[in-house]
Amino acid sequence: MEISRRSFMLGAAGASALAFGATALGSTPAWAAPRPDGVIVSPQDAIDRLIAGNNRWANGKSDRRTYAPPGQTPEAGQWPFAAILSCADSRVVPEDLFDVAGKNLFILRNAGNIVDANMLGSVEYAIEHTGISLVVALGHTHCGAVNATAASIRTNTMPGGYVDSVVNSIKPALEPLPAAFTPTEGVRANAQQSASQFQNMSKVVAAATAKGKVGVVQAYYDITTRRVTFF
Ligand SMILES: [Zn+2]
């Protein structure tokens with residue numbers, strides 16, 4: 001247990017430490033052992049599934065598709081092929097807008113789709129123990145968190161309470177933009193920041209992407225057109 005804990009703290013500082021730690025925990029990293037059903041899903045396959053699902057959703061032809069093996073009890077495991085970091089906005093429901101059934105997505109949500117230590121830990125868990133092959137940082141149009149941050153920058157005021165934490169997390173993404181940036185430009189910059197943070201702050205994510213086993217992408221959802229744009 002002591003070795004496992006130390007390996008976890010070290011993250012992917014050393015490939016051998018990671019492999020040994022994962023073995024001690026009773027499982028292997030996703031790139032060593034694909035999903036429990038043995039299906040190898042490439043990052044591109046995962047994006048293609050999400051694009052196809054969003055097309056069904058946008059065209060009003062949802063069928064709640066599943067890629068998980070049929071006939072499995074919940075106790076048998078889980079089979080997500082992608083992790084989605086989305087906003088907590090009630091109009092942005094990843095399983096709706098990507099038209100997939102339960103068990104298919106590992107979903108992380110907070111106001112402003114912000115990366116913090118808990119989100120990093122959640123994604124590392126998903127990579128090492130559920131076999132996901134894609135991480136999506138998903139923003140959306142009409143995002144209150146992004147708009148509040150834009151207002152904070154333009155008026156040099158803070159909203160107060162713990163919303164300040166949300167605004168302070170998004171600010172570094174918006175401050176480099178031209179002063180008259182549009183709401184959509186702000187949303188795109190914030191999603192880009194989150195995707196970059198996953199790659200730059202987590203050695204587990206970096207190691208998995210370097211091996212080509214996991215992709216990290218950014219996208220935004222237009223709540224008017226129901227379309228997701230990967231960029
Ligand atoms: Zn939002």
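Limited to the range 165-205, what total is found for residues that are part of a loop (DSSP other than H, G, I, E, B) and acidic (Asp, Glu)? Quick ask: steps written out before the conclusion?
Going through the range 165-205, the residues part of a loop (DSSP other than H, G, I, E, B) turn out to be 175-182, 202.
Then drop every residue that is not acidic (Asp, Glu), which leaves 175.
So the answer is 1.
From the list ASP45, ASP89, which one is in a helix (DSSP H, G or I) and at pLDDT 95 or above?
Numbers: ASP89 fails: in a helix (DSSP H, G or I).
Just one listed residue meets the conditions, ASP45.
Checking the condition touching a strand residue (DSSP E or B) at 6+ places or on another chain (Cβ under 8 Å), within 15 Å of the ligand (Cβ to nearest atom) and in a helix (DSSP H, G or I), which residue from ALA126, ALA145 passes?
On the way: ALA126 fails: within 15 Å of the ligand (Cβ to nearest atom).
Going through ALA126, ALA145 in turn, just one is touching a strand residue (DSSP E or B) at 6+ places or on another chain (Cβ under 8 Å), within 15 Å of the ligand (Cβ to nearest atom) and in a helix (DSSP H, G or I): ALA145.
Kindly indicate whether any position in the range 71-85 is within 16 Å of the ligand (Cβ to nearest atom), out of contact with any Leu (no Cβ under 8 Å at 6 or more places or on another chain) and not basic (Lys, Arg).
Just the residues of the range 71-85 that are within 16 Å of the ligand (Cβ to nearest atom), to begin with: 84-85.
Retained after the next criterion (residues that are out of contact with any Leu (no Cβ under 8 Å at 6 or more places or on another chain)): none.
No, because not a single residue in the range 71-85 is within 16 Å of the ligand (Cβ to nearest atom), out of contact with any Leu (no Cβ under 8 Å at 6 or more places or on another chain) and not basic (Lys, Arg).
The values are calculated or read from the model by the stated rules, or taken from the named source; none is laboratory data. Predicted, not measured: the structure shown is a model, and the values here were computed from it. So basically every Cβ, Gly included, is an ideal-geometry build from the backbone, and we count neighbours across all protein chains shown.
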